[in-house]
Amino acid sequence: MPGMQPKPNHPKNNVYDVTIIGAGPTGLFGAFYAGMREMSCKIIEALPEVGGQLAVLYPEKWIYDAPGYPKILAKDLVRNLWEQASRWNPTLCLDERVTMLRVGEDSPMVLETDKGVHYTRTVIICAGVGAFSPNKLKNETVERFEGRGVYYFVKDKSPFRGKRLLIVGGGDSAVDWALNLKDYAREITLIHRRDQFRAHPASVTELMSSSVNVMLYHELKEIRGDDHIESVVVFDNRTGAETILNVDYVLLNLGFKADLGPIKEWGLEQQAKRYIKVNCRQETSIPGVYAAGDVAAHPDVEPLNLIAIGYAQAAVAVNYAYTYLHPEAKVFPGHSSEMRL
Ligand code: FAD
């Protein structure tokens, strides 16, 4: 494609060549490839930010198996992926959940969302494990401070600098955040309702010998304060004994629910209930609709839910979507190194 230049990517008739559902690493890399093929591309993402699991579950963690990076923080990989996709100026709709797909004979496909409708000629579903929502604690005092000192995931660790923090949970997120923030926050207490962790054993060993104050068999009873958190009451679930801790922030790492939700009702053939079945072209059972990344599974193949796998599947899906629109075209897109940009 020598001499090919990026151009504005908004079709005049508002019908996009491809619409990608989900802005995780798979969707973002798919958007890049769509641009390489000069396809107009829209991405619709349920979360208020791009990055999928990397942004929500582990933005501050190192990734060691992202191609081309000996190690990279998840949030930095997301930033780079978005920068790479942005070369082609895709349309990005954030905070918008796709609820319905309608496929007609000779008309564009219609995607309905909680905010409106979108028209497209092909669809690539990169919905990962589904749209996320954190498991919450049913407690009136917790609800009162949500977003004002109570957090369910860390997007930015800067508020915790030099502060006193209570972390609740016993999984990887709770343990990793305690370790990650221990030299950043002034003081960290981690409470867990049992004595067994659901975290990596090496991380638990590190936690137990760290400066983090770990209180096993403890649960959160109450958060106290007026316009900001001043203290919390925790209790020993074996004896009922209560302890008051002076803290500034509470981080609840109680896990996430992720549900494909409405996508399961679109009539797509599924595999093992939670996957959309695809063939080696990443085609689903509906012509013109593709799936890639964590959401997709090939028959009789154990899915490998990894970033690198999603990249490859996204490239396959986009290039076959291109030939769906242009049957005379080659699937192979050419080499990006031969493009003059
Ligand atoms: P996701 O990242 O899940 O993104 C899907 C996106 O689709 C989400 O943003 C979601 O909100 C959106 N979405 C879902 N439904 C809808 C809808 N109806 N409408 C609009 N948007 C929707 N992999 C590695 O290769 N290396 C690692 O080191 C690594 N570490 C990991 C650590 C942890 C703690 C976890 C949980 C996973 C890790 N993974 C790692 C796995 C990796 O994160 C996933 O394989 C990858 O995120 C899959 O990308 P995806 O784009 O397919 O899906």
Taking the range 37-63 and keeping only residues that are without any contact (Cβ under 8 Å) to a residue 60 or more places away in the chain, open to solvent by 10 Å² or more (accessible area, probe 1.4 Å) and more than 6 Å from the ligand (Cβ to nearest atom), one is left with Glu38, Ser40, Pro48, Val50, Trp62
Reported set for the range 103-157 where residues are within 19 Å of Ala317 (Cα to Cα), in a strand (DSSP E or B) and open to solvent by 50 Å² or more (accessible area, probe 1.4 Å) is Tyr119, Arg121
Please verify whether Met100 is of a type outside the set (Val, Ile, Thr), open to solvent by less than 80 Å² (accessible area, probe 1.4 Å), within 13 Å of the ligand (Cβ to nearest atom) and at pLDDT 95 or above, treating the condition exactly as stated. yes
Quick one: is Asp106 over 18 Å from the mean Cα position of the chain (by Cα), of a type in the set (D, E, K, R), within 13 Å of the ligand (Cβ to nearest atom) and more than 18 Å from Gly52 (Cβ to Cβ)?
no
query = Being farther than 26 Å from Val103 by Cβ, open to solvent by 10 Å² or more (accessible area, probe 1.4 Å), at pLDDT 95 or above and not acidic (Asp, Glu), is that true of even one residue in the range 6-27?
reply = yes
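What are the residues in the range 158-178 that are over 17 Å from Arg198 (Cα atoms) and open to solvent by 50 Å² or more (accessible area, probe 1.4 Å), if any? Give the derivation first.
First, pick out the residues of the range 158-178 that are over 17 Å from Arg198 (Cα atoms): 158-166.
Matches in the range 158-178: Ser158, Arg161, Lys163, Arg164.
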Open item on the list: Against the definition (surrounded by 14 or more Cβ atoms within 10 Å (Cβ to Cβ), not small (Gly, Ala, Ser) and not in a loop (DSSP other than H, G, I, E, B)), how does Thr189 come out, yes or no?
Closed with: yes
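The values are calculated or read from the model by the stated rules, or taken from the named source; none is laboratory data. Here the structure is a predicted model, which is why all the values come from computation and not from measurement. Please note: Cβ atoms are built from the backbone with ideal geometry, for glycine as well, and neighbour counts cover all protein chains shown. The protein model used for the area step is the full one, side chains on, heavy atoms only, and it has no ligands, DNA or RNA in it. Shrake-Rupley method; radii C 1.70, N 1.55, O 1.52, S 1.80 Å.
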